[in-house]
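Where a number appears in this text, it was derived from the coordinates with a stated rule and is not lab data. This one's a predicted model, so the numbers in the text were calculated from it and none came from an experiment. Cβ placement follows ideal geometry from the backbone for every residue including glycine, while neighbour counts extend to all protein chains displayed.
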Amino acid sequence: MSNRHSDLGSHLWDSSAIFRNAVTQFEQAATIMGLDPNIKERIKHPKRALIVSVPIRLDDGTVKVFEGYRVQHNITLGPGKGGIRFHPHVNLSEVAGLAMLMTMKCSLVGLPLGGAKGGIRVNASDLSRQEAQALTRRYTMEISSLLGPEKDIPAPDIGTDAQNMAWVMDTYSQQKGYAVPGVVTGKPIEVGGSLGRAESTSRGVVYTLEDSVKYLNAKGRGPFSVDSKATAAIQGFGKVGAIAAQELHDRGVKIIAVSDVQGAVINQRGLDVPALIQYTNSKGTVKGFPGAEALPLEQVLELAVDFLIPAAIDGAIDEHNVSRVKARIIAEGANGPITADAQKVLEEKGVFIIPDILCNAGGVIVSYFEWEQGLQSFFWSEEEVNKRLREVLARAFTKVIGSYEHYRCGMKEAALIASTETLSKAMLYRGLFP
Ligand code: NAD
């Protein structure tokens with residue numbers, strides 16, 4: 001390649017580990033499947049990004065300006081789809097990496113949606129309700145040129161919830177002059193949310209775990225079971241981790257240990273999960289939960305359990321702690337919780353990884369159901385939502401296993417291959433403009 005065409009400017013995107021990991025893992029998959037190099041080059045680059053300053057008046061009367069982002073990684077298959085993260089370390093590159101994962105996730109599970117992500121550099125727990133509302137509304141206004149039911153549809157992520165989504169919906173609708181529920185998903189039921197959305201990511205985690213157990217048993221790699229004979233540990237006790245714990249507890253699985261950002265607790269006989277959720281709702285943390293002992297934070301990832309569910313942050317399992325990980329199946333509840341290097345070590349040890357773009361896709365699948373219900377103004381029962389969620393995930397699981405067996409690669413690569421097969425065909429049919 002001549003100097004004129006050298007890769008100038010890529011530092012804007014690749015300054016975060018999550019973006020570099022997403023690209024590295026994609027490149028590994030592209031090599032295994034023999035992907036068209038032109039398509040590979042295009043998928044490595046996000047389509048567009050907007051950086052905005054978000055000024056709000058704090059409760060003490062001062063004005064503070066926060067930095068916000070929205071990245072659309074690829075919108076070949078349909079409108080951009082992806083959450084809005086409120087976190088003090090959010091940056092453009094991290095948002096771009098997460099947007100890329102959304103592209104791969106939507107394509108893998110067969111949704112007519114592209115990949116996007118947004119974020120604001122802020123510690124959500126420092127904000128009063130009034131400040132959070134002002135920040136969400138002003139951010140929505142600043143990025144509204146990108147948004148719309150046919151263009152880009154946000155959802156909750158770390159630090160945001162159904163209330164934030166209601167403010168996004170209202171701000172966008174105020175600008176239009178009429179209610180536009182399809183502009184955002186993860187809304188409260190009363191403003192067009194879907195039954196089962198709040199639980200969907202965690203249910204998806206558990207459904208893919210059940211499918212994996214069935215598959216591994218059939219291949220003589222068990223025995224595993226999702227019942228009282230099984231043990232689990234969960235990192236992160238937020239929207240994904242806590243409900244996954246409840247779903248597994250309902251099936252009899254012993255949840256030995258959980259953690260959040262403030263602390264970790266352990267009980268070898270199994271935690272009383274409903275009591276722990278009640279405790280967390282009142283104290284804001286699992287730390288100090290009676291009926292369990294305190295555990296150093298990092299050790300939650302290092303216990304000898306059947307199932308480990310990292311459901312907090314990216315890069316949780318990396319080259320520093322991977323040698324101490326003893327779980328037999330890891331279900332990636334979070335986005336990008338295992339680095340590319342650590343993944344290799346785990347797979348060499350025979351650990352079965354359920355990749356994020358499959359494992360936590362339940363959220364975007366039910367987001368799609370919510371969007372579709374909103375467009376039709378016809379709402380489904382929770383049983384209907386769960387039944388369809390299970391069907392979509394089972395189909396995606398079968399696709400991933402197809403690639404896993406065909407290419408004899410790792411599960412991460414298999415998921416990316418299955419996803420890229422669909423996306424690359426669509427990109428080739430649409431061609432390169434102009
Ligand atoms: P959340 O903000 O509700 O919960 C995050 C949890 O992780 C909190 O309990 C927090 O205390 C904990 N945590 C943060 N840093 C930690 C650390 N260093 N050690 C231990 N715990 C830590 O967020 P969430 O929506 O549950 O998202 C968690 C992960 O799942 C993220 O990677 C997110 O992108 C991914 N995800 C979420 C959804 C969804 O529908 N909410 C869907 C797909 C993927």
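Structure summary
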item	result
Which listed pairs, of LYS47/LYS187; LYS187/LYS287; LYS239/LYS283, have C-alpha distances above 19 Å, in listed order	LYS47/LYS187; LYS187/LYS287
Sites matching trypsin sites (Lys or Arg not before Pro) across segment 188-225 that sit in DSSP coil, with at most 16 neighbouring C-beta atoms within 10 Å	LYS219, ARG221
Whole-number Å³ per residue for the convex hull built on Cα positions in segment 370-434	123 Å³
Normalised per residue, the volume of the convex hull around the Cα set of segment 231-319 (Å³)	85 Å³
Fewest-first ranking of CYS106, CYS409, using other Cβ atoms within 10 Å as the exposure measure	CYS409, CYS106
Amide H contacts of ILE153 (H built 1.01 Å from N, under 5 Å, at least 5 apart or other chain)	GLY80, LYS81, GLY82
Part-to-part distance (alpha-carbon centres) for segment 90-108 and segment 372-398, which is given in Å	23 Å
Longest site-free stretch - the chain; sites: chymotrypsin sites (Phe, Trp or Tyr not before Pro), DSSP loop, at most 15 other Cβ within 10 Å	179-377
Exposure proxy order (Cβ contacts within 10 Å, fewest to most) of ASP60, ASP170, ASP126, ASP356	ASP60, ASP126, ASP170, ASP356
Cα shape, segment 287-434, gyration tensor, a/c 1.5 rule	oblate
Charge dipole magnitude, Cβ of K and R +1, D and E -1 - the chain, Cα centre, debye nearest 20	620 debye
Descending principal axes extents, segment 198-359, alpha-carbon based, whole Å	42, 32, 29
Only Lys, Arg (+1) and Asp, Glu (-1) charged, at Cβ; segment 5-143 dipole about Cα centre in debye	340 debye
Estimated 222 nm signal from helices in the chain, with DSSP H stretches of n ≥ 4 weighted -39500 (n - 2.57), rounded to 500	-14000 deg cm²/dmol
Span from the segment 146-170 Cα centroid across to the segment 283-318 one, whole angstrom	29 Å
Listed residues THR231, THR62, THR201, most fluctuating in the chain (Gaussian network, C-alpha, under 10 Å)	THR62
Derived scalar couplings ³J(HN,Hα) [segment 274-283; Karplus, 6.51 cos²θ - 1.76 cosθ + 1.60; whole Hz; x for Gly, Pro]	x, 5, 5, 5, 4, 4, 5, 4, 8, 9
Whole-number Å³ per residue for the convex hull built on Cα positions in the chain	152 Å³
Counted charge near SER144, where neighbours are those whose Cβ lies closer than 11 Å (Asp, Glu -1; Lys, Arg +1)	+3
Residue order, fewest to most surrounding Cβ atoms within 10 angstrom, among SER16, SER145, SER212, SER377	SER377, SER145, SER16, SER212
Formal net charge of residues neighbouring VAL71 (Cβ-Cβ distance under 9 Å; K, R +1; D, E -1)	+4
